[in-house]
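Accompanying notes for the structure given below.
We did not get these values from a lab; they are worked out from the coordinates using the rules stated. Here the structure is a predicted model, which means the values were calculated and not measured. Cβ sites come from the backbone with ideal geometry, for glycine too, and all protein chains shown count toward neighbours.
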Amino acid sequence: MIRYECDRCGESLGANDARRFIVKFEIFAAAGHVELSDDARDDPQSELDAVMRQLAEADPDEMEDQTYRSFRFDVCDDCRKKLIAHPLG
Ligand SMILES: [Zn+2]
């Protein structure tokens, strides 16, 4: 039998336990389109080259953290209630 435990308080929970809930978080960049400077408009290839150099040198994990991350947690009923009351702690 698969057993779970609450990721918040450690309470033991069964796979089909009515007291087990799943919490998902998604964190993603809110920024929309990029505003180009006058210099970038005059020389878009140079601006694109600079962006490509930055991407090539960047840490892939850090880039992912800055654009999109998702998390999934199992929680018990008591912790579900606490998270609903104060989702950001
Ligand atoms: Zn709990």
Task: Choice from V23, V51, V75 with maximal GNM fluctuation in the chain (Cα, 10 Å cutoff) - done: V51
Task: Sparse-neighbour loop sites [GluC sites (Glu not before Pro); the chain; at most 15 other C-beta within 10 Å; DSSP] - done: E35
Open item on the list: On the principal axes of its Cα set, how long, how wide and how thick is the chain? Give whole Å, largest value first.
Closed with: 62, 28, 18
Task: Ranked D65, D77, criterion: other C-beta atoms within 10 Å, fewest first - done: D65, D77
- [ ] Once you have the Cα-Cα distance between R3 and R53, take 0.36 nm times their residue separation minus that, and quote the gain in nm to one decimal.
- [x] 13.3 nm
Task: Nonlocal amide H pairs with E11, under 5 Å, H built at 1.01 Å - done: C6
- [ ] Can you tell me the 0 to 90 degree angle between the C-alpha axis of helix 44-57 and the longest principal axis of the chain, rounded to 10?
- [x] 40 degrees
